[in-house]
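Novice: Dropping a structure here in structure tokens format, bear with me for questions.
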Amino acid sequence: MAILIVGAGFSGAVIARELAEAGISSTVIDARDHIAGNCHTERCPQTGVMLHRYGPHIFHTDDAEVWSYVGARATFMPFRNQVKSTVGGQVFSMPINLHTINQFFGTTLRPAEAQAFIAARAVKSDQPPASFEEQALHMVGPDLYEAFFKGYTEKQWGRSPRDLPASILKRLPMRFNYDDNYFNHRFQGIPAEGYTHLVARLLDHPKIALHLSTPYSADLAARHDHLFWSGPLDGYFGYRLGRLGYRTLDFERFTDTGDHQGCAVMNYPGADVPFTRITEHKHFAPWEQHDQTVCYREYAREAGEGDIPYYPIRLAAEQSLLTEYEALARAEQGVTFVGRLGTYRYLDMDVTIREALDVARAFLARAA
Ligand code: FAD
Ligand code: UDP
């Protein structure tokens with residue numbers, strides 16, 4: 001059976017590996033000249049710093065099987081994302097925790113006092129919050145919303161938080177203690193040698209043939225019995241019904257000596273600053289030593305043709321187009337649509353790997 005896998009990111013690499021271990025050969029192609037998709041990491045030739053080329057990636061999961069799957073192929077170093085946020089000339093702790101609250105309001109509240117204090121400010125409603133703005137007002141009240149969320153979200157999404165779903169904010173925790181870990185998950189870390197090394201280990205198997213700088217073409221598919229597609233869902237169909245909307249990112253790189261900002265991620269929620277955050281990449285590998293440092297200013301904008309699609313927008317217009325593309329996808333014989341682009345969803349790496357494992361196993365069970 002001849003299998004073609006489009007995309008050498010986590011989706012494609014995990015599926016290829018699972019099939020290979022079951023004795024099934026596959027060809028993996030990627031339009032880019034490197035593996036690992038958007039999780040690609042590479043060493044800066046000038047400074048030696050490990051760079052996350054498409055934005056910073058921290059592995060965090062509660063899925064014990066996925067954690068041991070990646071841990072069997074790479075050494076994971078413990079990493080805790082402790083994000084800071086510069087607002088009105090002061091630096092605060094993110095996600096919002098007791099330190100943020102006490103610093104912002106000039107108080108010395110204890111956990112239960114802070115909870116009551118925020119509850120008194122929160123905007124109450126009989127209906128569950130539907131929009132991002134309603135969710136934020138319900139969770140933190142207007143002062144913290146205006147300072148930390150409103151401007152950042154307008155820049156990130158190019159839309160009013162009134163028009164965005166509450167689910168976007170629900171990704172962030174809020175705590176009434178001094179825990180400033182950005183994630184709640186049980187397992188968190190970053191591979192010591194970067195994500196590209198991990199994906200290379202997955203693809204390193206005699207039953208996997210890898211071709212980089214190779215965009216998909218229909219004649220390639222005609223020579224295979226089954227296609228796993230981790231490219232854009234609308235792209236597979238030649239965008240014939242229109243384009244699914246994405247936000248893209250521009251990274252403005254600069255270098256410095258020593259330590260530029262003292263942390264990995266500094267957010268800038270203010271509407272007066274055009275970027276959303278600055279990431280300093282050597283802080284994602286605190287086990288390494290470098291004299292120089294590399295930072296990226298991150299700007300978000302609407303993705304046009306030819307831009308890298310990063311964040312699916314998934315508002316009403318996109319949802320109805322998505323439903324139409326999903327109907328086309330269901331009718332397509334011999335193709336499985338996978339991953340963040342193939343299913344037009346924001347997927348963290350652990351969910352991507354979980355879904356790829358499940359897809360491969362279901363395929364193998366059918367083939368048996
Ligand atoms: P991708 O990595 O996008 O791989 C798809 C591949 O398909 C690409 O290499 C592409 O070149 C190739 N391709 C597309 N079309 C074609 C074609 N026509 N022909 C050939 N090849 C094609 N997740 C976390 O868990 N933690 C984080 O901290 C985190 N940070 C993130 C930060 C940002 C800015 C973003 C946008 C995402 C972040 N993620 C994070 C999510 C993570 O990037 C995804 O989970 C992961 O990339 C999904 O893997 P994938 O293989 O599905 O897709
Ligand atoms: N967000 C914000 N201020 C911040 C950080 C996040 O308003 O300082 C909002 C923003 O809308 C973002 C969402 O919360 O899209 C989810 O944040 P997360 O850090 O998970 O964003 P991602 O990892 O998707 O970039």
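Novice: Summing Lys, Arg as +1 and Asp, Glu as -1, what charge do residues with Cβ under 9 Å from the Cβ of Thr293 carry, Thr293 excluded?
Specialist: So the environment of Thr293 carries a net charge of -3.
Novice: Could you give the distance between the Cα centres of region 68-85 and region 231-271, to the whole Å?
Specialist: 21 Å
Novice: Please give the net charge around Asn267, taking every other residue with its beta carbon less than 9 angstrom from that of Asn267, where Lys and Arg add +1 and Asp and Glu add -1.
Specialist: Taking every Cβ under 9 Å from that of Asn267, the sum is +2.
Novice: Right, next: Could you give the dipole magnitude of the chain about its Cα centre, charging the beta-carbon of Lys and Arg +1 and that of Asp and Glu -1, in debye to the nearest 20?
Specialist: 300 debye
Novice: Can you pull out the chymotrypsin sites (Phe, Trp or Tyr not before Pro) in region 267-368 that DSSP calls coil and that have at most 15 other Cβ atoms within 10 Å?
Specialist: For chymotrypsin sites (Phe, Trp or Tyr not before Pro) across region 267-368 that sit outside H, G, I, E and B with at most 15 neighbouring Cβ atoms in 10 Å, the list reads Trp287, Tyr346.
Novice: In whole Hz and in residue order, list the ³J(HN,Hα) couplings for region 166-178 that follow from phi through the Karplus curve 6.51 cos²θ - 1.76 cosθ + 1.60, θ = phi - 60°; x for Gly and Pro.
Specialist: Values per residue, Gly and Pro as x: 4, 4, 5, 6, 5, 5, 9, x, 9, 10, 9, 9, 9 Hz.
Novice: On to the next question. Around Ser93, with a cut-off of 11 angstrom between Cβ atoms, what is the net charge of the other residues, counting Lys and Arg +1 and Asp and Glu -1?
Specialist: So the environment of Ser93 carries a net charge of 0.
Novice: As a check on your grasp of the helix formula, calculate [θ] at 222 nm for the chain: sum -39500 (n - 2.57) over DSSP H runs of n ≥ 4, divide by the residue count, round to the nearest 500.
Specialist: After summing the helix terms and dividing by the residues of the chain, the value is -9000 deg cm²/dmol.
Novice: Report the equivalent ellipsoid semi-axes for the chain in whole Å, largest first, defined as the square roots of five times the eigenvalues of the gyration tensor built from alpha carbon atoms.
Specialist: Equivalent-ellipsoid dimensions as semi-axes: 37, 25, 19 Å.
Since every read-out is calculated from the coordinates, none of them should be taken as a lab result. Owing to the predicted nature of the structure, the values given are computational and were not obtained by experimental measurement. Backbone-built Cβ (ideal geometry, glycine too); neighbour counts: all protein chains shown.
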